[in-house]
Protein chains: 4
Amino acid sequence: MEYKTGNQNKTSLIIEAAAKVFANRGYSGTLMADIAAEAGIGKGTIYEYFPSKEGLFFAVFEWFVQITKAEAKIGISALGGSVSERLMALNDALLRSWLDMLDMYSLVMEFWSASASSQMRQRFKLAFREGYRDFRQIVSALIRDGVEKGEFQPEVDAESVAAALVGAWDALLLQAWFDEDFDPLTTSREFMNVLINGLISKPQVVSSA
Amino acid sequence: MEYKTGNQNKTSLIIEAAAKVFANRGYSGTLMADIAAEAGIGKGTIYEYFPSKEGLFFAVFEWFVQITKAEAKIGISALGGSVSERLMALNDALLRSWLDMLDMYSLVMEFWSASASSQMRQRFKLAFREGYRDFRQIVSALIRDGVEKGEFQPEVDAESVAAALVGAWDALLLQAWFDEDFDPLTTSREFMNVLINGLISKPQVVSSA
Amino acid sequence: MEYKTGNQNKTSLIIEAAAKVFANRGYSGTLMADIAAEAGIGKGTIYEYFPSKEGLFFAVFEWFVQITKAEAKIGISALGGSVSERLMALNDALLRSWLDMLDMYSLVMEFWSASASSQMRQRFKLAFREGYRDFRQIVSALIRDGVEKGEFQPEVDAESVAAALVGAWDALLLQAWFDEDFDPLTTSREFMNVLINGLISKPQVVSSA
Amino acid sequence: MEYKTGNQNKTSLIIEAAAKVFANRGYSGTLMADIAAEAGIGKGTIYEYFPSKEGLFFAVFEWFVQITKAEAKIGISALGGSVSERLMALNDALLRSWLDMLDMYSLVMEFWSASASSQMRQRFKLAFREGYRDFRQIVSALIRDGVEKGEFQPEVDAESVAAALVGAWDALLLQAWFDEDFDPLTTSREFMNVLINGLISKPQVVSSA
DNA sequence: CATGAATGAGGCTTCATTCAT
DNA sequence: GATGAATGAAGCCTCATTCAT
């Protein structure tokens, strides 16, 4: 009825329509008819390209992972400068690109939920695990770089910081999704200042229980 | 039929049975009949205590929020010592209590997903927002305390660090849920070392794009 | 809406309603809704008793086989007299009982068709094979009895005659179903006269290609 | 794509492909796409030659009736000799020609079933009635010939015997289709011996209920 | 109070048929 | 003529909810 996106083929037309509807209504709240209507095609046509609702959902997931990874890579490869600067730049790039599609964030929650239940559990869980691993690796490589260059303290456990950082980004967006008054970009930058400071400064030991 | 966990009343019997089943099968994968079977009661009985599946789900959510908050309070109130030490102790307490019920973590994902799908969106979204706000407040109060006591640097933005920290905890558990080889406790402690170091040390300024 | 048949239980209520509708509209022409309406119950109720349309169809088949066998047994056990007389009496009894339910004959055709195609092929095919074997056996036992008693010629191959006879009965009813002007009872009696005569009389050999 | 059976035209190409698929999967189990694939043509092409699935099915039926009749005529016209011999020869010829295409037998069952289900009922029912009548007539003519020539007893009711005989042939093939261990040719010959004996021998009267 | 048999609205999916190329 | 991508009517089945016992 009103296509305009440069959808090369019908497959991606459907995926994008589905993404929109899944994001708005959730997996089980979404009717195949809604997707068809959103895509401006007949209900049956979807089944020419995808085997089932579940199959389509997974295709949306893969599409989503792919564009997310692509964004991340761009954000990372972009910059020169000190490792600290690059880390902060990565923070900005990621959050900005995500904020641009915050309305899609509910998709992520649908994916999480799918990975927790249902038939597709395994496929999703695996994909998430791999996705997080990849992402952690990218960030930890950056941090390790900082350690090797002497910019960061040698005691720093790059893996752990990367894992927590990746998680923090994720969760800041989550909070932004829940709370319109929450500004994740500013928040993250303040946080990054502290964290980077922690990476750079000679540690003051703390003990615990 | 064989549940005797200290359920004072049938209401909590049903809630706990429902929590179990929702965690395993997801919201829409769960049948009322499954819950009744799990609780060892008749299907119709559920409707004596809850108005609908959705209502029961929300009750599970509230129950979950409550016990989670209770755990958190225990973790926080527990310790004395320096703020750094208390922060690290909080980290340990929270992660430990969550790890004990990691199999319930999928419930959180269901709740997230529910907050994204239109039917119950408002109720869940609101509850999550409040939950996160409360939690951020608790943590930011602690950090602010550190600033006021001179233990942490004055430039530190307590709110932001709290938000990111709360998020990082959440997301580390998420990663643990996806990845059995991932150890969130150790990871979090390494991360906390760096973060606390960043809070304590005099900042080395970093600029960015 | 208007039950009156002495249906002890709902299972047979549904089976009988289904038999009626399957007989009138054929398997794939039958809607589950039709059956429910015919039985005066809700659509969903059928699924409390049968797993699927196919399962219900098979249940109808089994019910049909059972009552058919029961009829046959009555027909057979009934009479004394010479074997010839008993054979003729069997002929009459079978055809009469079938003619009483000729409107159900189309069910048989549905069953044949089901045995030829579809998922259920094996189950139906097997049941038909067994059904025919049983029936042949009953008839051949009778004929063999005639041979042993010296009433029939010793050269008679009881098995073969039984098989053909069983088939002839079947097929006469089939023709009656197609052709309202066809009188299978008279026809069969005339035929039986010839056949029994052939069993009794000393054979006049015939050769062929 | 790879069919070159002497199909003069595409019409018969399609009919034969359809016959194959209908025989294997049954009417409603058959997809138009299957037929097109079997015929090595496009789905749409079928509609250039036939108005609908049902129309094609009926065309297959007519084609089937035609070749069956042709076979029967050949079998009948073939032989000289006594009527008994011709009858036996007919038996052999018919069964042999049918056994050669036993895998097509399931088509007959589909046709029967079609004649029972409401949509096409009339057309099929009529065709079957005519088919049986024709066939009975051919056989009864033969038997009457035997009576007239004094070879068979005058009391014989040619029509009835013909009807039963035609039915027996049909049903023996049916049993063969259900039961691979069943040998219809031998069976039929043993049966024919008895029957022909009954036609020839002076009758021994039998009375019944 | 407790139950579970009964219900029927609702949704996914199939597939004969159409029609633009 | 030939094609096969697109269609949407139609049907099986699910399952939250009700209510008579």
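The table that follows gives values for the structure above.
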quantity	calculated
Whole-Hz ³J(HN,Hα) from phi, Karplus 6.51 cos²θ - 1.76 cosθ + 1.60, for the range B:80-97, glycine and proline x	x, x, 5, 4, 4, 5, 5, 5, 5, 5, 4, 3, 4, 4, 5, 5, 4, 5
For the range A:99-209: relative contact order, % (alpha-carbon pairs under 8 angstrom, 6 or more apart)	24
Accessible surface buried once B binds A (1.4 Å probe; total of both sides; Å²)	5200
Between the range C:139-153 and the range A:106-152, the alpha-carbon center distance in angstrom	83
Which listed pairs, of B:K20/B:K53; A:K73/A:K125; D:K43/D:K69; D:K69/D:K149; A:K53/A:K73; A:K125/B:K53, have C-alpha distances above 24 Å, in listed order	D:K43/D:K69; D:K69/D:K149; A:K53/A:K73; A:K125/B:K53
Loop-resident sites, the range D:139-204, for trypsin sites (Lys or Arg not before Pro), counting at most 12 other Cβ within 10 Å (DSSP)	D:K149
Chain C, accessible surface, carbon-and-sulfur percent (1.4 angstrom probe)	52
Theoretical ellipticity at 222 nm over chain B - DSSP helices of four or more residues, -39500 (n - 2.57) apiece, nearest 500	-24500 deg cm²/dmol
Computed magnitude of the charge dipole of the range A:7-50 (debye, nearest 20; Cβ of K, R +1, Cβ of D, E -1)	40
Sequence-distant residues sharing a close amide H with D:F152 (under 5 Å, placed H)	D:V147
Whole-number Å³ per residue for the convex hull built on Cα positions in the range A:33-78	80
Global geometry of the protein assembly as shown, whether rounded, prolate or oblate, following the gyration tensor of its Cα atoms and the 1.5 cut on a/c	prolate
Average accessible area per residue (Å²) across the range D:53-200 - probe 1.4 Å, nucleic acids and ligands excluded	37
Anisotropy class of the range B:80-130 from Cα gyration tensor, a/c 1.5 cut	oblate
Distance from the range D:23-92 to the range B:43-63 (C-alpha centre basis), Å	62
Aspartates and glutamates whose Cα lies under 13 Å from that of A:K202, excluding same-chain neighbours fewer than 8 positions away	A:E151, A:E155
Candidates D:I67, D:I35, D:I143, ranked by Gaussian network fluctuation over chain D, Cα under 10 Å, top entry	D:I67
Relative contact order for chain B, counting Cα pairs under 8 Å that sit 6 or more residues apart, in percent	18
Pair A:S97, D:R123: separation of 7 Å Cα→Cβ label points (nm)	6.1
Tilt relative to chain C, helix C:184-200 - C-alpha long axis, 0 to 90 degrees, to 10	30
Farthest positive-ward along chain D dipole, Cα basis, beta-carbon charges - from D:S84, D:W112, D:Q175	D:W112
Surface accessible to a 1.4 Å probe, D:K20 within the full protein complex, Å²	90
Computed magnitude of the charge dipole of the protein assembly as shown (debye, nearest 20; Cβ of K, R +1, Cβ of D, E -1)	480
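The values are calculated or read from the model by the stated rules, or taken from the named source; none is laboratory data. No experiment lies behind these values; they were computed from the predicted model shown. FYI the Cβ positions are ideal-geometry reconstructions off the backbone, even for glycines, and counts take in every protein chain you see. Just the protein is used for accessible areas: all its heavy atoms, side chains included, with ligands, DNA and RNA removed. Shrake-Rupley method; radii C 1.70, N 1.55, O 1.52, S 1.80 Å.
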